[in-house]
Amino acid sequence: MLNFEFYCPTRVVFGKGTISELGRLIDRSKKILMIYGGGSIKRNGVYDQVKKALEGYDVMEFSGMEPNPKYETCMKAIDLVKKEGRDFLLSVGGGSTLDGTKFIAAGAMYDGEDPYDILTKGIRVKSALPIGDVITLPATGSEMNCNAVISRLSTNEKLAFDSEYVYPRFSIIDPTVTFSLPLKQTINGIVDTFVHTMELYCTYDVNTPLQDEWALGLLRTLIEQAPLVLKNPQDYETRANIFWCATCGLNYWISLGAVQDWSTHGIGHELTAFYGIDHGQSLAVVLPRLLKNRKKEKQVKLAKLARQVFGVKTSDDSEAADLAIERIEQFFNSLGMKTKLSDYGIDAREAAGKIRDRFAERGTKLGENQTIDAQVSYDIVAAC
Ligand code: NZQ
Ligand code: ZN
């Protein structure tokens with residue numbers, strides 16, 4: 001096991017009716033900016049619950065944070081925060097709204113010229129406004145981590161940053177709010193969670209049996225709960241289990257002392273940046289081809305996964321790894337998730353060329369062994 005340090009200051013408030021706890025979680029003196037997306041919270045009653053819980057508070061609103069949150073939108077919110085002296089940000093929505101809020105929190109306190117430099121130049125964030133959230137979509141784990149992914153319209157870029165200053169102070173997870181999710185978003189979230197677990201688990205073995213058990217247990221739970229939620233989207237217990245899988249899929253608990261990958265996300269983000277496909281869709285397309293391409297590097301963990309998640313019996317690791325990759329794609333397909341670029345009207349070779357050129361320019365190297373360079377990325381995407 002490698003050395004590690006774990007820190008997560010987020011208070012998780014989980015369960016039915018927990019939005020009413022907001023008043024307990026935010027100090028009454030705060031000048032709140034409530035940030036939300038395109039209006040789903042108004043249709044499913046979440047907006048009303050938040051307003052009720054914050055009666056008597058000083059709350060301003062900023063709406064219109066889009067899926068794959070845009071730098072341009074965040075900059076408008078940063079102007080508002082500064083102009084109105086807001087000192088607490090409340091995100092009410094999915095991972096996009098929360099990621100946008102994290103960038104706003106850091107950007108509002110940024111002392112350089114343009115907060116975009118945090119994304120492009122790797123400038124470390126030195127402070128941020130406090131954040132709380134009501135998370136409405138199980139997928140990103142953003143509610144219990146310090147990452148955010150921001151897109152820029154003018155350059156077709158999608159870039160990530162992390163900083164311990166943007167951990168939410170609290171996250172309210174009320175699974176009943178997910179009853180209103182469109183089927184597509186439920187499926188995207190399950191795939192995103194699955195792939196987060198793969199990025200954290202499926203690398204090379206450094207003797208972390210407990211962490212492996214947690215990761216494989218997470219995958220088994222997802223595979224067990226997914227058909228239940230498709231059959232009965234209004235079942236609270238299933239929604240609760242799926243939400244907790246999503247949160248634990250990317251709070252980094254399952255990867256402590258282990259080696260991480262993140263190449264499927266690195267390539268997937270480019271597909272979203274160039275073609276606008278959903279985050280979950282991009283991952284479902286890339287993961288099976290990437291695992292095939294890097295099978296030798298991941299064989300031991302793939303074989304373990306094949307046996308412990310899919311009940312594969314063969315003692316041959318290479319064969320077991322192949323079966324794991326096949327079963328993962330079958331699982332995605334069983335949810336109705338399409339796993340080929342052509343299913344989304346995208347030409348694989350064209351996409352591969354664009355990504356190769358961009359990675360070559362940036363000198364990108366991905367994966368646990370840094371072996372996925374521009375050319376390997378081309379090979380992976382061309383096979384998608
Ligand atoms: O905008 P509204 O109207 O709220 O509608 C949203 C949006 O259209 C809707 N929605 C959310 N909760 C709902 C709901 N509709 C009905 N009922 C509800 N309860 O769903 C749509 C998608 O929402 P979005 O927030 O975009 O989805 P998600 O949570 O999957 O977030 C995706 C973004 O997170 C980034 C992705 O790259 C992408 O930009 N990621 C963030 C990570 C992190 N911070 O750690 C890690 C991930 O790997 C990922 O990269
Ligand atoms: Zn993801």
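Computed from the coordinates by the stated procedures, all read-outs in this text should not be read as laboratory data. Fair warning: this is a prediction, and the values are worked out from it, not measured in the lab. Neighbour counts are summed over all protein chains in view; Cβ atoms, including those assigned to glycine, are modelled from backbone coordinates with ideal geometry.
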Computed over the chain, the relative contact order (Cα-Cα under 8 Å, seq sep at least six) in percent reads 15 percent
What helix-only [θ] at 222 nm does the chain give? Using -39500 (n - 2.57) per DSSP H run of at least 4, over all residues, to the nearest 500, the answer is -15500 deg cm²/dmol
So for the stretch 281-384, using the alpha carbon gyration tensor with a ≥ b ≥ c as root eigenvalues (a/c under 1.5 gives rounded; past that, a/b versus b/c decides prolate or oblate), I'd call it oblate
In this structure, the FRET efficiency calculated for residue 21 and residue 292 from their beta-carbon separation, with R0 = 51 Å, to the nearest 0.05, is 0.65
Taking only the alpha carbons of the stretch 188-238, the radius of gyration and the largest Cα-Cα distance, Dmax, both in angstrom, are 12.9, 41
Projected convex hull area of the chain, Cα atoms, direction-averaged, in nm², equals 18.0 nm²
Excluding residues fewer than 8 positions from residue 82 in its own chain, the lysines with Cα under 17 Å of it are 30, 31, 102
Rounded to the nearest 5, the percent of antiparallel DSSP beta bridges in the chain equals 25 percent
Any trypsin sites (Lys or Arg not before Pro) in the stretch 291-384 that lie in a DSSP loop and have at most 12 other Cβ atoms within 10 Å would be 313
So residue 156 and residue 28, fully extended at 0.36 nm per residue minus their Cα-Cα distance, gain in nm 42.1 nm
Whole-Å distance linking the alpha carbon centroid of the stretch 43-101 with that of the stretch 315-384 is 35 Å
Here the FRET efficiency for residue 3 versus residue 111, based on Cβ atoms and R0 = 35 Å and rounded to 0.05, is 0.60
So for the stretch 11-177, using the alpha carbon gyration tensor with a ≥ b ≥ c as root eigenvalues (a/c under 1.5 gives rounded; past that, a/b versus b/c decides prolate or oblate), I'd call it prolate
Checked the stretch 1-98 with the C-alpha gyration tensor, a ≥ b ≥ c its square-rooted eigenvalues, rounded below a/c of 1.5, otherwise prolate if a/b is larger than b/c and oblate if not; verdict rounded
Here the stretch 232-303 gives, from Cα atoms, an Rg and Dmax in Å of 15.1, 42
Magnitude of the Cβ-charge dipole (Lys and Arg +1, Asp and Glu -1) of the chain about the Cα centre, nearest 20 debye, reported as 420 debye
Chymotrypsin sites (Phe, Trp or Tyr not before Pro) in the stretch 1-101 lying in a DSSP loop, each with at most 15 other Cβ atoms within 10 Å of its Cβ, come to 4, 6, 7
The answer for the longest stretch of the chain without any exposed GluC sites (Glu not before Pro) (DSSP loop, at most 13 further Cβ atoms within 10 Å) is 114-384
